[in-house]
Amino acid sequence: MSSPLSRRAFLARSGLVGCSLAASPLLTPVSLAAAPWDTRLVVIILRGGMDGLDVVQPYGDPAFSKLRGSLAVGAEGGAHDLDGYFAMHPSLGPLVPMWDAGQLSFVHAVSTPYRDKRSHFDGQDLLEAGTTSMAGVRDGWLNRMLQAVPGVTPQTAYAVGRSDMRLLQGAAEVANWAPDADLRLSPQAARLLELVTESDPALHAALAEAQVLSSVGEGIDKKGKSGHVQIAEFAAARLSEEARIAAFSLNGWDTHGGQARFMDTALTRLSETLLTLRGKMRGDTWRKTAVVAMTEFGRTARQNGTAGTDHGTGGLMIVAGGAIKGGRVYGQWPGIGDGDLFQDRDLMPTGDVRAQAAWVMRGLTGLDRSVLESSIFPGLDMGGDPGLVL
Amino acid sequence: MLSRVCVRSDPWCVALREFDPQIAEIRFGYGLSPLKKPPENAQDVLDGLTAPDVMQSAFPIERFAKFRARMVQAQAQNAIRRKNRGTDIAEAARKQRNVLNREARTAMFDWLGQTMLRRTYTETAFRERIIAFWADHFTARGKRGVIRRGTSPYIEAAIRPFVTGRFDDLLQSAVMHPLMLDYLDQTRAMGPNSTRAIKRGPKNPAGLNENLAREVLELHTLGVNGPYTQDDVTQLAELFTGMTFDARNGFKFRQDFAEPGAETVLGVAYGEEPRVKWVREALVDLAAHPSTARHLAWKMAVHFVSDHPDPKLIDALEAAYIDHDGALMPVYEVLLGHPSAWEPTFSNFKLPIDFVSSALRALAIPENAFAGRDEKWMRRFFAMPLVHMGQTWERPVGPDGWAEEDPEWITPQGISARVAWAMDVPVRMKDPLPDPRAFAETALGRFADDAVRFAAGAAESRPEAVGLVLMSPAFQRK
């Protein structure tokens, strides 16, 4: 080694032996009183266009089996009856106890203001922007919500996972982390990296935080665990501490063909995600939590020629958590008979998915209706309170 | 242009005194290279912009006119599909269309490699940087099907040939390009009183789409604080109606989509009858607006120098733009001539793609480093790491392009991904890796400090040592 200094001497001189993580803002104790509010909000973006009519099936309407053919299941086919009219897809079986415990609800026939072109790209942009058009919009509705409440810190809200979470982008600082972003360094490399970056406080702090965040998952055995479970475990861990908001994506809802198989995969992921959140939150965190899962659009009411469905309009929102009023199918049901469908093809949207999200946020944080309707969802009419939050 | 007599008060002479070859490579290029000598003076850098485009021919990228043939083929398969719904013919056409989509995707990864090689081998690195700057200023991406992979061909055709000319030519080239028209929803926009809209009748209303007009004013020309109103946006949107393209022929002006009557933008009325020349005239006027000069000057200073640039630098760039009627070379000349361009401390944090590019340049990867790499490999070692660092290749989140602010990039997740790439990928691109202690000197030049020298010698393995050099502040900043 040509270095004039021994490693030990250099590290000792630079004060880097041991842990310099105390500088990390993450390690600064945050008292709960300092947090702006105590409830938790989890937003899951279901990318690809979830077929709400398959997830919560109006099997009580004879028109349903006519529209769906091989996809129609209903209570006889193993779907879980909810109220004699709607039944929950068989793959959501693991969530039946959550439904029975009053911690799971659905809102049917909701949509964003997006109409006609049915593109994933545009639909997801609009869902996350929370506006009626994309022109000139740069930020997302969940970020604007953070801008509207006091006391938000960079650790209040987390975008978890690899996907761009547009709904959290904007002027309010949020944390981003993917559980598989963990720093995997030998102790020697970690120390040298601290040494090399010491002269750059911003870079040094980001590395220190990465080490702390990597250790959040320590003790959790990630081997063999799917990405969505890792994401849910990470979100549960952060929300059990100072984080109040987490947002992430679940993909795999674009079921143009062979829907039965793809739906099983996607719904199994969704139920594992919800069960992991509930199971891994510490203390009474779950009791204070509302999970909102929303998608860019629903799918065609009629089954297509490849045992799937195509891009539609009216969709389904899923709400879960200890802070919500569960065990109900909310929404204004438009029916699926002749003349009931939007453009004679899609479930008619009868409610704005943004209004539902707005009422959840109002229920959790007490945000003013005027703020929700002007700055968070500009131009939205929230309508009457559906009573989603306890 | 620059052969003038040096006067002591002339900022250009100050620059001649302060020009630094290594800073020139790091701040205005893609970092130091063990193969290529840095420019000797600012004139060298400027001359490099107009020298024969050696990199373009050495590492070719398909131009958009050729790329359009892929779109034509995909459209033909889609047409077969529609005509033969539910039959085997439709199924075969669908499969063939998917093949075309896949080929375009593979080509996109090839062009990623070519872009990296240009940045590795160029002797005129400022040229590649300025192209990337304008490509970001005019961010565009295709929305559906094959055109989604058209960004590199768009840059090759609409940006690269125009960066040394006048801004109004560059503006027209980018704004009227098929990729931009597709990205910002111009192709379907219809004047409410156009012959086409009237034919469709009130039951099937077609509308104006303000997306492109708004972004032209807000992002491409005047800037968000510019003196325009919603009326100007609407009027410009009406003036833009008619602009569209087809895959076979490229740009097209559809009279029947265009709104009749004059449109007034910023107080100037354009054309009674719809003509593409009025669109061009409006763009030329917008390019000449003082707010555009200010906006571009600010953006260039932030991009090349600092998130908080010296206001005098912005003033000087603005004045150069105005004095030379929007010619870009004199603006670059002022940028390279300004004392604050040669600040010896690095301020701006490299964006992930810059970081990766400059790492490959410092490593001097061989010209065949990407040869035979399949899509899976490119995804694993380039595309996905860039996603993890926060800068998905050719997929910026919005039309405003990538954020310039350093805090956007110095995030735990993003930095963690840089560390992972820096320690894992170089060894796959350069075999054998250079001696880390020598690498610290070639990659960082005189900006190598004791800490990085020590780490390069103390690491347990060569890949880790190289990774540590690449993660040092002197390499991460520019």
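Here, each number is a calculation from the coordinates, and none is a lab measurement. This one's a predicted model, so the numbers in the text were calculated from it and none came from an experiment. Cβ coordinates were reconstructed from backbone atoms using ideal geometry, including for glycine residues, and neighbour counts include every protein chain displayed.
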Defining a contact as two alpha carbons under 8 Å apart and six or more residues distant in sequence, what relative contact order in percent does region A:230-333 show? 28 percent
Summarise the long-distance tail of P(r) for region A:231-310 by giving the % of C-alpha pairs beyond 22 Å. 38 percent
Considering the Cα positions of region B:352-476, please state its Rg to one decimal place and its Dmax as a whole number of Å. 14.7, 45
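Could you tell me how many cubic angstrom of Cα convex hull volume region A:94-133 has per residue? It would help to have the intermediate numbers written out before the result.
On the way: hull volume 4.4 nm³, N = 40.
Each residue corresponds to 111 Å³ of Cα convex hull volume.
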For A:Asp381 and A:Ser240, what does the FRET efficiency come to when R0 = 51 Å and r is the distance between their Cβ atoms, rounded to the nearest 0.05? 0.90
Roughly how many whole Å is it from the C-alpha centroid of region A:38-59 to that of region B:143-162? 36 Å
Flagged links, alpha-carbon separation over 28 Å, of B:Lys83/B:Lys199; B:Lys83/B:Lys376; A:Lys280/B:Lys350; B:Lys350/B:Lys430; B:Lys376/B:Lys478: B:Lys83/B:Lys376; A:Lys280/B:Lys350; B:Lys376/B:Lys478
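Which value, in debye to the nearest 20, describes the size of the charge dipole of region B:352-476 about its Cα centre when Lys and Arg Cβ atoms bear +1, Asp and Glu Cβ atoms bear -1, and nothing else is charged?
On the way: 13 positive and 18 negative charges, 92 e Å.
I would put it at about 440 debye.
Hey, what's the Cα Rg ratio for region B:56-181 versus the globular rule of thumb, 2.2 N^0.38 Å?
Details: Rg = 16.9 Å, N = 126, 2.2 N^0.38 = 13.8 Å.
Output field value: 1.22.
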Residue-averaged 222 nm ellipticity for chain A, from DSSP H runs of 4+ at -39500 (n - 2.57), nearest 500: -9000 deg cm²/dmol
Per the Kirkwood formula on distinct C-alpha pairs, the Rh of region A:265-390 is how many angstrom? 16.4 Å
Under the Karplus relation with 6.51, -1.76 and 1.60 and θ = phi - 60°, whole-Hz ³J(HN,Hα) for region A:110-121, x at Gly and Pro, equal 9, 7, 7, x, 5, 9, 6, 7, 6, 9, 4, 4
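In square nanometres, what is the average projected area of the Cα convex hull of region B:217-288? Walk me through the numbers before you get to the answer.
Working: hull surface 20.3 nm².
For the Cα atoms of region B:217-288, the hull's average projected area reads 5.1 nm².
Thinking of region A:142-251 as a set of Cα atoms, what percent of all their pairs are more than 23 Å apart? Let's see the in-between values first.
Numbers: 2093 of 5995 pairs.
Distances greater than 23 Å cover 35 percent of the Cα pairs.
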Just to be sure I understand: with springs between alpha-carbon atoms less than 10 Å apart, which residue in A:Thr309, A:Thr197, A:Thr273 has the highest mean-square fluctuation in the Gaussian network model of chain A? A:Thr197
Give the Rg (one decimal place) followed by the Dmax (whole number) of the protein assembly as shown, computed from C-alpha coordinates and expressed in Å. 28.5, 92
How many partner chain Cβ atoms sit within 10 Å of a residue's Cβ in peptide B:404-414, on average, as a whole number? 6
From the phi of every residue in region B:222-233, what ³J(HN,Hα) in whole Hz does the Karplus formula 6.51 cos²θ - 1.76 cosθ + 1.60 yield, where θ is phi - 60° and glycine or proline is x? 5, x, 5, 8, x, x, 10, 10, 4, 4, 5, 4
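Determine one quarter of the surface area of the Cα convex hull of region A:116-172, which equals its mean projected area, and express it in nm² to one decimal. It would help to have the intermediate numbers written out before the result.
On the way: hull surface 18.0 nm².
Dividing the Cα hull surface by four gives the mean projection, 4.5 nm².
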Going by amide H atoms built from the backbone, whose H comes under 5 Å of the H on B:Arg477, apart from near neighbours? B:Lys350
Could you tell me the ratio Rg/Rh of chain A? Both radii from Cα atoms, Rh via Kirkwood. 1.04
Could you tell me the relative contact order of chain B? Use alpha-carbon pairs under 8 Å, at least six residues apart, and round to a whole percent. 17 percent
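Would you please name the GluC sites (Glu not before Pro) within region B:255-341 that are DSSP coil residues with at most 14 other C-beta atoms within 10 Å of their C-beta?
Working: sites: B:Glu263, B:Glu272, B:Glu281, B:Glu318, B:Glu333; in loops: B:Glu272.
Listed in order of number, the matching sites are B:Glu272.
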Kirkwood-based Rg to Rh ratio, chain B, C-alpha trace: 1.00
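Starting from 0.36 nm per residue, how many nanometres of slack lie between A:Lys66 and A:Asp180 once their C-alpha separation is accounted for? Kindly include the intermediate steps, with their values, before the conclusion.
Working: separation 114, 0.36 × 114 = 41.04 nm, distance 4.47 nm.
Once the chain is fully extended between A:Lys66 and A:Asp180, it gains 36.6 nm.
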With x for Gly and Pro, the residue-by-residue ³J(HN,Hα) of region B:384-398, computed from phi through the Karplus equation 6.51 cos²θ - 1.76 cosθ + 1.60 at θ = phi - 60° and given in whole Hz, is 5, x, 5, 4, 5, 6, x, 10, 4, 4, 6, 9, x, 5, x
Residues meeting the amide H criterion for B:Met243 (H placed from the backbone, H to H distance under 5 Å, 5 or more places apart or on another chain) are B:Arg254
Under the rule of at least 5 residues apart or a separate chain, name every residue whose amide H is placed under 5 Å from the amide H of A:Gly315. A:Ala109, A:Val110, A:Ser111, A:Gly298
Quote the relative contact order of region B:56-181 in percent (integer), defining contacts as alpha-carbon pairs under 8 Å separated by 6+ residues. 30 percent
